[in-house]
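Only the coordinates and a few stated rules stand behind these numbers; no lab work does. These figures come from a predicted structure and were not determined experimentally. Cβ: placed from backbone, ideal geometry, glycine included. Neighbour counts: every protein chain shown.
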């Protein structure tokens, strides 16, 4: 397996634009997580899914953020409209019974 | 609410030293605990997973221990090398999700 795959690796967008981040989890993993990492707050859990169903979205900062998992092999995190304070590295991770694996992250810059 | 703390926040040592990184958590009812390494600008690489029924795990020069009753885990790095320089993160697995500590930034100089 190629591991958790995220795209794009880097995204630069203007304030107010819609941003969509994508994630392909490891095949067979039934948990998928979206995290955001900043210098100030470290790694924050935004939302996680179990068997494609959102379980806890209490970490999603605002209604501008939404996440979907239409099937077991794909998830998206959307920000609409984006703001400069959304600039961060966004990580996707997946887990089966034990070990969690992370993608390489998407570095988002909103100008 | 589970809170995870790592001490020290940063550490700089000469090559060859044995190191101990600390991780503490407030709620002992955890499922598992996982240690990660993060290089600058990169993702997280899993180092060791300790299941709640285990006391320690070893991989090469790394040894991680877990004491649930006291809410502590340690990561021991033997004979440190410059290539060990990175940020080390512990995460408690609280039922489903991973809750991360603040990280220890390690620098090993030749």
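Structure notes:
- Share of pairwise Cα separations in chain A, more than 17 Å, in percent: 49
- Shielding score for A:37-46, defined as the mean number of other chain Cβ atoms within 10 Å: 3
- In the elastic network of chain B, a GNM with C-alpha springs shorter than 10 Å, the most mobile of B:98, B:49, B:66 is B:98.
- Label-zone membership for segment B:79-110, site residue B:58, 7 angstrom Cα→C-beta point, backbone N under 17 Å: B:79-80
- Contact order relative to length of chain A, as percent, for alpha carbon pairs under 8 angstrom and 6 or more apart: 37
- Per-residue mean of C-beta atoms belonging to partner chains within 10 Å, peptide B:39-49: 4
- Theoretical gain in end-to-end length, residue A:7 to residue A:78 [0.36 nm per residue, Cα-Cα removed]: 24.3 nm
- Cα centroid of segment B:1-57 to Cα centroid of segment A:23-91, whole Å: 23
- Cα-based convex hull, chain B, per residue volume (Å³, whole number): 92
- Distance between modelled label sites at residue A:18 and residue B:3, nm, 7 Å Cα→Cβ extension: 4.0
- Shape of segment A:25-67, Cα gyration tensor, a/c cut at 1.5: oblate
- Whether segment B:10-49 is rounded, prolate or oblate, judged on the alpha carbon gyration tensor where a/c under 1.5 counts as rounded: oblate
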